[in-house]
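Participant: Sharing a structure with you now.
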Amino acid sequence: MIAYLTGILIEKQPAQMIVEVQGVGYEVHISMQTYAALPEAGQSVRLFTQQIIREDAHLLFGFADKSEKAAFLELLKVSGIGAKTALAVLSVFDSNALSAAIATDDVRKISSVPGIGKKTAERLILELRGKLTNTAASPAAHSVADEVIETLMALGYSEKEARNAAKGLPENTNTADGVKMALKKLSS
């Protein structure tokens, strides 16, 4: 099993990256959280990894920190959650925000992740309650505006642009709709 990779970042895209380790290029699938934490191409990078071997493919998933990898492994244990869906969850939530959403039974927030419906969100909460450790000082979840800002920053917008775009979002907006509204505001 490959526990981590340390090498030179050759290429990065929102869903995957290539890292060269002693002349071998590894294609690594990543979340938006990890993408946002990556240095520029040509720089040294270290990723914690999880290898998944299927009948038709050997896949390598990379994480910026151990808590994200631990959350990924816990998500994989939930019935109906595969590796791609687990990465989608970790693209919207960092491990602390996911833990907080689970602790507060926030089905609406979790079902805002593309590919996660209400029933899957309920099952995820039920199966992961108490299994993810929240390292944040308080169990309070991020506001939707905070999550929209984090997502926009992960997409490459500056913090100032993201904050301006997230201003004035309607109160009952979920994260996915908030991101769409903010992106519209940024494109106009």
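Participant: Out of the range 74-131, which residues are in contact (Cβ under 8 Å) with a residue 60 or more places away in the chain and either in the same structural domain as ILE30 (by TED's automatic domain parsing) or in a helix (DSSP H, G or I) (or both)?
Facilitator: LEU87, SER91, VAL92, ARG108, LYS109
Participant: If only one of LEU87, LEU38, LEU98, LEU75 is buried (at least 19 other Cβ atoms within 10 Å of the Cβ) and farther than 16 Å from LYS131 by Cα, which one is it? So that I can check it myself, show each step before the final result.
Facilitator: On the way: LEU38 fails: buried (at least 19 other Cβ atoms within 10 Å of the Cβ); LEU98 fails: farther than 16 Å from LYS131 by Cα; LEU75 fails: farther than 16 Å from LYS131 by Cα.
Going through LEU87, LEU38, LEU98, LEU75 in turn, just one is buried (at least 19 other Cβ atoms within 10 Å of the Cβ) and farther than 16 Å from LYS131 by Cα: LEU87.
Results for (1) in a strand (DSSP E or B); (2) touching a residue at least 60 places away in the same chain (Cβ under 8 Å); (3) β-branched (Val, Ile, Thr); (4) touching a helix residue (DSSP H, G or I) at 6+ places or on another chain (Cβ under 6 Å), shown as yes or no for each residue.
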{"position": "LEU5", "(1), (2), (3), (4)": "yes, no, no, no"}
{"position": "ILE8", "(1), (2), (3), (4)": "yes, no, yes, no"}
{"position": "ILE18", "(1), (2), (3), (4)": "yes, no, yes, no"}
{"position": "GLY25", "(1), (2), (3), (4)": "yes, no, no, no"}
{"position": "PHE48", "(1), (2), (3), (4)": "yes, no, no, yes"}
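Participant: Tell me which residues, restricted to the range 16-27, are surrounded by 15 or more Cβ atoms within 10 Å (Cβ to Cβ) and within 20 Å of LEU87 (Cβ to Cβ). Don't jump to the end; show me each part of the working.
Facilitator: From the range 16-27, those surrounded by 15 or more Cβ atoms within 10 Å (Cβ to Cβ) are 16-20, 26; that's our starting set.
Residues satisfying the conditions are GLN16, MET17, ILE18, VAL19, TYR26.
Participant: Return the only residue of ALA36, ALA71, ALA41 being among the small types (Gly, Ala, Ser), assigned to a loop (DSSP other than H, G, I, E, B) and under 24 Å from THR151 (Cα atoms). Even if it seems obvious, please write down each step before you answer.
Facilitator: Numbers: ALA36 fails: assigned to a loop (DSSP other than H, G, I, E, B); ALA71 fails: assigned to a loop (DSSP other than H, G, I, E, B).
Answer to the check: ALA41.
Participant: Additional query: If GLU55 satisfies all but one of (1) free of Cβ contacts under 8 Å to residues at least 12 places away in the same chain; (2) assigned to a strand (DSSP E or B), what's the number of the condition it fails?
Facilitator: The single condition GLU55 does not satisfy is (2).
Participant: Also, quick follow-up: Could we say that THR85 is modelled with pLDDT under 95 and more than 21 Å from LEU152 (Cβ to Cβ) here? Step through it out loud before you land on a result.
Facilitator: Numbers: modelled with pLDDT under 95: yes; more than 21 Å from LEU152 (Cβ to Cβ): yes.
Yes; evaluated as a whole, the condition is true for this residue.
Participant: Within the set of pairs 6 or more residues apart or between chains, which connect a residue that is farther than 18 Å from LEU38 by Cβ inside the range 153-175 to a residue that is part of a loop (DSSP other than H, G, I, E, B) and of a type in the set (S, T, N, Q) with Cβ atoms less than 6 Å apart?
Facilitator: Pairs found: ASN174/SER112; THR175/SER112.
The values are calculated or read from the model by the stated rules, or taken from the named source; none is laboratory data. Predicted model only: the values in this text are computed from it and were never measured. Counting neighbours? That spans all protein chains shown, and the Cβs are built from the backbone with ideal geometry, glycine included.
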